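The structure under discussion appears below in the form of C-alpha cells.
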Amino acid sequence: AAGSSGTRRSAASDVAAPAAEVKGSAFTLDPPSGTRDFFPEDMRQQRWLFDRFREVAASYGFQEYDAPVLEHEELYKRKAGEEITEQMYNFRDKEGAAVTLRPEMTPSLARMVLQLMRAETGEIAAQLPLKWFAIPQCWRFETTQRGRRREHYQWNMDIVGVAGITAEAELLSAVVSFFESVGITSKDVGIKINSRKVLGAVLNNAGVPAERFAETCVIIDKLDKIGAAAVQKELTEKVGLSADVAQKIVAATGAKTLDEFAELAGVGESDEVKELRKLFELAEDYGYADWLQFDASVVRGLAYYTGVVFEAFDKAGVLRAICGGGRYDKLLELYGSKKEVPCVGFGFGDCVIVELLRERGVQPQLPVTVDFVVAAYNNDMLGKAMSVARRLRKAGKSVDVYPEAAKKVKKAFKYADKVGARKMAFVAPDEWENGLVSIKDLRCPPETPADKKQVNVPLAELDKV
Ligand SMILES: CC(=O)Nc1cnc2ccccc2c1
C-alpha cells in the first residue's frame, strides 16, 4: 500500500515545493518560513524516530517531562555571544512580557528542578539523581536569507545530581544504544570527547581570567566554521587575549591525544585528565569504546558546559554534528540554587539524523496499514456494517469503514488497497440473513485456494478472525 506521498514532496525532503498560491487569498498554503508541516507520511517517520528515542530513554530508566514552548526571555540571558541566545524567537506578549519560544530545553529543565528544590526548602538531595528526558520543539529566529530551519525537535536526556563520570558514561551509552537501534554502527558515526576542564587549565595557564572562560569556549567552538585566523582574531578582539596566547590556545585544540593536550595544558595527570581516562575505561567495560575518540577541538557552543563535552559526527564527514552534550555543574546556581547541583545532558536534533539514515539507506519503510476495511453491500446494510466495525474494534482490530455502499466492489477493493487493509469484511443482505459476514484475506499468497481466501464468518466469531 503506497504511502500518501503521491506527487507531493514530504517536508523531510527539504526540497522547496513551489509556493502554492490560493486564488485571491491573502495567505500562502505554505507554513511560516523555516517551519514544517508533517503530512501523515512524514509523521510516520517522525513517530518512528520518537519511538526509538523513547525506547532508549525507557531502557535507561529515564522519565519523560515537558515544559511550555513559551518561556521568559530572561531564562536565556547568558551574554556569552552564543548563536542560540542571539537568535531567539522572542517577542513582547500583549501584557508587554518579554517572552520567547524556547531555543533549547536545558534551562526549562533547570527551572523545573529548582522548583523541586524550593518546594523542599532548598533541599533536593532526597530526589536525586534525576534522569529525565523530553522531545521538545525548539525555535530560533534565523535571518531568512540563510534559508535555514527555524524549528526542530530535539531529544534531551539529562542526569541531575551525579558528580562522577558515571553520568557521562551512562549518557554516552544511551547515545550509542540509540544509533544501534536504528542500524547505525561505529563505522558510520564516531563520538568526539573532550573536557572543558582540561581546556580550562590551558586557558588558566595562558592567563585567561575564569570569567572570560565561557565566551572563549563559544569562540573556539566556531573553529570549524570560521577557521583558526578568525577565531584568533575574535579571541584577541572580544576576549582581549594577546595574539600569542590566542595562537597557543588554537594550537592546543589541535592536540591529537589526551596526553599531548594535557602536556600543552601543563597539567600532567591532573584530576580532570584522570577523569577523562576513567571515562574511556568505563566505555571499554560498557562496550562502546570503539565509538569514542578524544578530540581537543570539541568545546560545543553552549556557554554553560563546565566539564566533559561530546558530539557525534558522521565519519563520511558529510553532515554537521548529529548530537552533542556535556556536563554543566553551575547552571542551577546561576538560576539561584544555594549549592552546586551537578548535571550532564545531551541534545539530539531531528534533522541531521534523518539525513544520516537516508544516506545510509536505513530509513524505515512505514506503510499505511489497517486490519480491516468493512464495506456495506448496499445502503440498507450501512448500519450493519458499522455494527460489525464496532465488534471488530472491541476485539482490538483497527477498522476503516468504507464510507458508502460498495455497489462497485472493485472501488471498495481499490480503497482497501490504498489504506493497506489486511482483510475486507463485506456486509451483504443474503449472508446477513444467516448471521454471516464475508471476510476476504487481502494479504494471502496468490496460490491460496479461493475457499481459503474468502470465508463466511458468524457474527459471534468475528472477534476471532
Ligand atoms: C538542521 C536544523 O534544522 N537545525 C535547527 C533547526 N532549528 C533550530 C531551532 C533552535 C535551535 C536550533 C535549531 C537547529
Could you tell me whether residue 287 is on the phi > 0 side of the Ramachandran plot and modelled with pLDDT under 95? no
Looking at region 243-256, which of its residues are under 31 Å from the mean Cα position of the chain (by Cα) and surrounded by fewer than 15 Cβ atoms within 10 Å (Cβ to Cβ)? 254, 256
Scanning region 283-331 for residues that are away from the ligand (no atom under 16 Å from the Cβ), surrounded by fewer than 20 Cβ atoms within 10 Å (Cβ to Cβ) and among the basic types (Lys, Arg) gives 315, 330
Have a look at 392, 462 and point out the one that is modelled with pLDDT of 95 or more, surrounded by 13 or more Cβ atoms within 10 Å (Cβ to Cβ) and within 30 Å of residue 40 (Cβ to Cβ). 392
Which residue, of 207, 183, 200, is surrounded by fewer than 18 Cβ atoms within 10 Å (Cβ to Cβ) and over 26 Å from the mean Cα position of the chain (by Cα)? 207
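The rows are residues; the columns are (1) in a loop (DSSP other than H, G, I, E, B); (2) under 20 Å from residue 66 (Cα atoms); (3) touching a residue at least 40 places away in the same chain (Cβ under 8 Å).
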| site | (1), (2), (3) |
| --- | --- |
| 123 | yes, no, no |
| 162 | yes, no, yes |
| 167 | no, no, yes |
| 173 | no, no, yes |
(1) buried (at least 20 other Cβ atoms within 10 Å of the Cβ); (2) more than 27 Å from residue 60 (Cα to Cα) all hold for residue 240 apart from (1)
Would region 127-137 turn up any residue that is assigned to a strand (DSSP E or B), surrounded by fewer than 17 Cβ atoms within 10 Å (Cβ to Cβ) and within 16 Å of the ligand (Cβ to nearest atom)? yes
Pairing a residue in region 139-150 that is near the ligand (Cβ under 8 Å from one of its atoms) and part of a loop (DSSP other than H, G, I, E, B) with any residue that is among the hydroxyl-bearing types (Ser, Thr, Tyr) and modelled with pLDDT under 75, where Cβ atoms lie under 9 Å and the two sit 6 or more apart in sequence or on different chains, gives 150/144
Residue count, region 54-63, condition small (Gly, Ala, Ser), touching a residue at least 40 places away in the same chain (Cβ under 8 Å) and surrounded by fewer than 15 Cβ atoms within 10 Å (Cβ to Cβ), comes to 2
Regarding residue 194, is this residue within 30 Å of residue 274 (Cβ to Cβ), in contact with a strand residue (DSSP E or B) (Cβ under 7 Å, 6 or more places away or on another chain), within 16 Å of the ligand (Cβ to nearest atom) and in a strand (DSSP E or B)? no
Taking the options 51, 37, 66, name whichever one is farther than 29 Å from residue 300 by Cα, modelled with pLDDT of 95 or more and surrounded by fewer than 14 Cβ atoms within 10 Å (Cβ to Cβ). 37
Residue list for region 396-411, restricted to those being over 40 Å from the mean Cα position of the chain (by Cα) and crowded, with 18+ Cβ neighbours inside 10 Å: 406
Residue selected from region 338-372 under the condition touching a strand residue (DSSP E or B) at 6+ places or on another chain (Cβ under 8 Å), of a type outside the set (A, V, I, L, M, F, W, C) and assigned to a loop (DSSP other than H, G, I, E, B), by the criterion farthest from the ligand (Cβ to nearest atom): 369
Would you be able to say whether some residue in region 109-120 is within 16 Å of the ligand (Cβ to nearest atom) and modelled with pLDDT of 95 or more? yes
Just to be sure, is residue 253 touching a residue at least 12 places away in the same chain (Cβ under 8 Å) and under 21 Å from residue 303 (Cα atoms)? yes
Would you be able to say whether some residue in region 253-266 is charged (D, E, K, R) and within 16 Å of the ligand (Cβ to nearest atom)? no
Extreme residue, surrounded by the most Cβ atoms within 10 Å (Cβ to Cβ), among residues of region 343-359 that are touching a Ser or Thr at 6+ places or on another chain (Cβ under 9 Å) and over 21 Å from residue 48 (Cβ atoms): 343
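Okay, residues lined up against (1) over 25 Å from residue 268 (Cβ atoms); (2) modelled with pLDDT of 95 or more:
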{"residue": "209", "(1), (2)": "no, no"}
{"residue": "213", "(1), (2)": "no, no"}
{"residue": "224", "(1), (2)": "yes, no"}
{"residue": "232", "(1), (2)": "yes, yes"}
{"residue": "239", "(1), (2)": "yes, no"}
{"residue": "244", "(1), (2)": "no, no"}
{"residue": "248", "(1), (2)": "no, no"}
{"residue": "252", "(1), (2)": "no, no"}
{"residue": "256", "(1), (2)": "no, no"}
Looking only at region 89-108, count every residue that is over 25 Å from residue 210 (Cβ atoms) and either within 11 Å of the ligand (Cβ to nearest atom) or of a type in the set (Ser, Thr, Tyr) (or both) and tell me the total. 7
Test residue 86 against the stated conditions and say whether it is under 28 Å from residue 334 (Cβ atoms) and either touching a helix residue (DSSP H, G or I) at 6+ places or on another chain (Cβ under 7 Å) or away from the ligand (no atom under 15 Å from the Cβ) (or both). no
Across region 342-395, the tally of residues that are more than 25 Å from the chain's Cα centre (by Cα) and acidic (Asp, Glu) stands at 2
Suppose we keep only residues that are aliphatic (A, V, I, L, M) and assigned to a helix (DSSP H, G or I) within region 392-417. Which one would you say is nearest to residue 465 (Cα to Cα)? 392
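The values are calculated or read from the model by the stated rules, or taken from the named source; none is laboratory data. Note that the structure is a prediction, hence the values are computed from the model and not measured. Backbone-built Cβ (ideal geometry, glycine too); neighbour counts: all protein chains shown.
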